[in-house]
1. Obtain the nm distance between the two label points defined at PHE424 and LYS295 by a simple spin-label model: each point lies 7 Å from its Cα along the Cα-to-C-beta direction.
2. Of the cross-linked pairs LYS195/LYS228; LYS146/LYS223; LYS118/LYS299; LYS108/LYS432, which ones have a Cα-Cα span greater than 24 Å in the structure shown?
3. How far is it, in nm, from the label point at ARG333 to the one at LYS195 when both lie 7 Å from their Cα along the line to the Cβ?
4. Under 23 Å Cα-Cα from LYS199, which lysines qualify once same-chain neighbours fewer than 8 residues away are excluded?
5. Using a 7 Å offset from the Cα along the Cα-to-Cβ direction at both HIS264 and LEU224, what is the distance between the two label points in nm, to one decimal?
6. Two-decimal Rg/Rh of the stretch 251-304 from alpha-carbon positions, Kirkwood Rh?
7. Report the calculated FRET efficiency for VAL340 and ARG168 (r = Cβ-Cβ distance, R0 = 45 Å), to the nearest 0.05.
8. Whole number please: convex hull volume per residue, Cα atoms of the stretch 133-280, in Å³.
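Nothing in this text is a laboratory measurement; each read-out follows from the coordinates by a stated rule. Keep in mind it's a predicted model, so treat the numbers as computed, not measured. Neighbour counts are summed over all protein chains in view; Cβ atoms, including those assigned to glycine, are modelled from backbone coordinates with ideal geometry.
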Amino acid sequence: MKLLWSITISIGLLLSFNTYAQEEHDHAHDESTHVEQDEGQHEGEHEKDDHPHDEPTHAEQDEGEHEGEHEEDAHAHDEASHAEQDEGEHNEEQLVLSEKEIEEFEIKLGKAVRGSIKETLTLPGEITLDPDRLIHIVPRVSGITKQVYKTLGESVKTGDLLATLSSRELAEIKAETEAAKSRYDLAIKTYEREKKLKKEGLTSDREFQEAQQIKDNAYIEYKLAKQKLRAIGIEQVNNQCSDDCDLTLYEIRSPSDGVITDKHVVQGELLSEESRPFVISNLDHIWVNLTIYQKDLEKVQMGQQVRVISGYGVPDVKSVIDYISPKVSEETRSATARVVIDNIEHKWRPGLFVSVVVTLSDFTSDIVIPKTAIESIDNQSVVFIKTEEGFEPHPVKLGRSDTTHVEVLDGLHEGEQYVTKNAFVLKAQMQKASFGDGHGH
């Protein structure tokens, strides 16, 4: 019985051991692709149990070979990935546009050339009237306004009738002139008669001299009366005036071409010789008064080139500084400079605030491009270069600049063709391609 029991126990242990070994082998086979190191260790343990002293180095050799193969495969995979990435980046940077697309997007090209950079100073200014071309219309006599013919802002020509007055003062001057003329005419006739009688010996020398003196006095009075008329703008009295002729009528006329920029008269208003019913301005030439702050006084000089900027749809205009005030204002501690500009089309209106860019210095650089050519990508200033394949962004190093142009120190060579305008279109196409919406085509 004991022998039979021992045999039964041995057979049970042997079957259990075989079952365990088979399960371990199947488990290792299923996970061989994920845990190769564990599989090698399990195989080593089985081989050690079966051959504890014969093959200890064989398992280590197989494990090393497997690891070497995996390292070679991983290295080859990394090299292929880098090659594909470099090729993709190069393709993304090359933006290809057809001639039709270039024309549609209004992309402008230019060549990198030498140019000038101007050091400038921007000052505030105000458009003002040229006082030498400003005319204050003043009535020469006092009177009541009968009619007003022109209004504020209206253009006038030399001799245009502005208004009429009814002036008693004028009537008196005209009447006095007429009377003086009549006395002078009578004195001439009397003098001629006495002169004829004297030759015939029919009058005395005293009577002849009296007639001559009366004539001379009448001439002086008549001449004085005519000068009074001339002083109020009337050269002569209308000799054809009838008995009901209006001697009080005084006409206010424009002495020059211009625009009525001020008006202070209405019908029925009493005007005196101190009144200013109209102001006529010649707007063909106007002034720009600049404010020069104390810190900029040494920089601004007479004769410097300036550019007047309105910013309200009026084209910029160039001129020079022709006057700088010799003293500063006590209130603002600033000086005033003057620029004269042509205004034939009357687009520059007095009272308009403007900016005036004063050119302080002008220097030449090897490569100068317009600011419209510069775009920013990843916080880097770039310029799009025209290549045989398409357009390619080039990082550039910028130097000095003015209001419209900038100096390129590095990244662009003389003669290279680049985008001068609407480069943002290429930037947008480049960003679109980077998001997978295209390949720069």
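1. Rounded to a tenth, the inter-label distance reads 3.2 nm.
2. LYS195/LYS228; LYS146/LYS223
3. Going by the 7 Å Cα→Cβ label model, 8.0 nm.
4. LYS189, LYS215
5. The answer from the label model is 3.4 nm.
6. 1.26
7. 0.50
8. Working: hull volume 19.6 nm³, N = 148.
Residue-normalised Cα hull volume stands at 132 Å³.
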